[in-house]
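The values are calculated or read from the model by the stated rules, or taken from the named source; none is laboratory data. Every value quoted in this text rests on a predicted model; they were computed, and no experiment measured them. Cβ placement follows ideal geometry from the backbone for every residue including glycine, while neighbour counts extend to all protein chains displayed. Ligands, DNA and RNA are excluded from the accessible area calculation, which covers all protein heavy atoms including side chains. Shrake-Rupley method; radii C 1.70, N 1.55, O 1.52, S 1.80 Å.
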Amino acid sequence: MKLDILAFAAHPDDVEISCGATLIKYSKAGKKIGIIDLTQGELGTRGTPQIRQQEAAQAAEKIGLSIRQNLRMQDGFFELNESNKLAVIQVIRKYKPDIILANSVSDRHPDHARAGELVAEASFLSGLRKIETFEDGIQQTVHRPKLVLHYIQDNYIKPDVVLDISPYFNEKMELIKCFASQFYNPNSNEPTTPISGEEFFDFLKGRMLGLGRSIGVQFAEGFNTARQLGVTDLFDLK
């Protein structure tokens, strides 16, 4: 199955929090979209890997994903090594996405920047024919995505690309709530975390309002890229 967009996440819920509206937007436009979770989030303060797996499946249904897969790397300890790069290369070559969305280039959680770097390097290496990978005993063909974008997470980073997601704001907020174990619940007895307070949803709304204001729309999501981007018509720019 060829995908249009393949989003990678260090932990289940990274994508939904940071660029969930982007995925909803393109899913509704008929694009084929997938999410690859690198870890099960097993070190998370709240919830369990089993609960988060169920929550990820619920979120996948809301977005309308074509695939969602977990590579089961070690939460907190996965490295930028050959084994992990090859695992990501295999997935990229399997689904041949045009666009890859990856974790932030820098963030509060060390897994995020490391995952972003891992996916960016694997996206490049996936296009090298002398790196051989196999699926079911058959050698995979090389594939390099047209574009790798890093979504912005907890730390604010000035974006290189800002996407209007105004019509999908409410759906995104409902999508995030699929991960009920991680977010505000007045009846929960689990420890508090930086994202479990009631104010976290206000923070997300404020972030999207701020990005939207920068391009003259109500709500937006932002991305960074390591290379220059081009357009064919200056009038397409906001």
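Results, tabulated for the structure shown:
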item	result
Kirkwood hydrodynamic radius (C-alpha pairs) into Stokes-Einstein, the range 136-182, 25 °C and 0.890 mPa s, D in µm²/s	164
For peptides 228-237, 22-31, 131-140, 2-11, sequence by mean Cβ density within 10 Å, most packed first	2-11, 22-31, 131-140, 228-237
Part-to-part distance (alpha-carbon centres) for the range 172-215 and the range 68-124, which is given in Å	24
Chain lengthening between Lys2 and Ile215 when straightened (0.36 nm per residue, less Cα-Cα)	73.5 nm
Whole-number D in µm²/s for the chain (Stokes-Einstein; Kirkwood sum over Cα pairs; 37 °C, 0.692 mPa s)	180
log10 of Debye I(q)/I(0), alpha-carbon scatterers only, for the range 75-184 at 0.24 Å⁻¹	-1.28
Cβ charges +1 (Lys, Arg) and -1 (Asp, Glu), total dipole of the chain, debye	720
For the range 1-96: relative contact order, % (alpha-carbon pairs under 8 angstrom, 6 or more apart)	35
Sites Ser188 and Glu132, calculated FRET efficiency, Cβ-Cβ separation with R0 45 Å, nearest 0.05	0.40
Proportion of all alpha-carbon pairs of the range 1-119 beyond 26 Å (%)	13
Rel. contact order, % - alpha carbon contacts under 8 angstrom, at least six apart, the chain	23
The range 128-238 - percent relative contact order, Cα under 8 Å, separation 6 or more	35
Too-long pairs where the Cα-Cα distance tops 20 Å, listed order kept, from Lys28/Lys85; Lys32/Lys94; Lys31/Lys62; Lys2/Lys130; Lys62/Lys146	Lys28/Lys85; Lys2/Lys130; Lys62/Lys146
Of all accessible heavy-atom area on the range 55-201, the percent that carbon and sulfur account for (1.4 Å)	49
Kirkwood Rh in Å, taken over all unlike Cα pairs in the range 174-219	11.8
Cα centre as origin, Lys/Arg/Asp/Glu Cβ charges: the range 1-106 dipole, Debye	500
Amide H contacts of Leu147 (H built 1.01 Å from N, under 5 Å, at least 5 apart or other chain)	Ile100
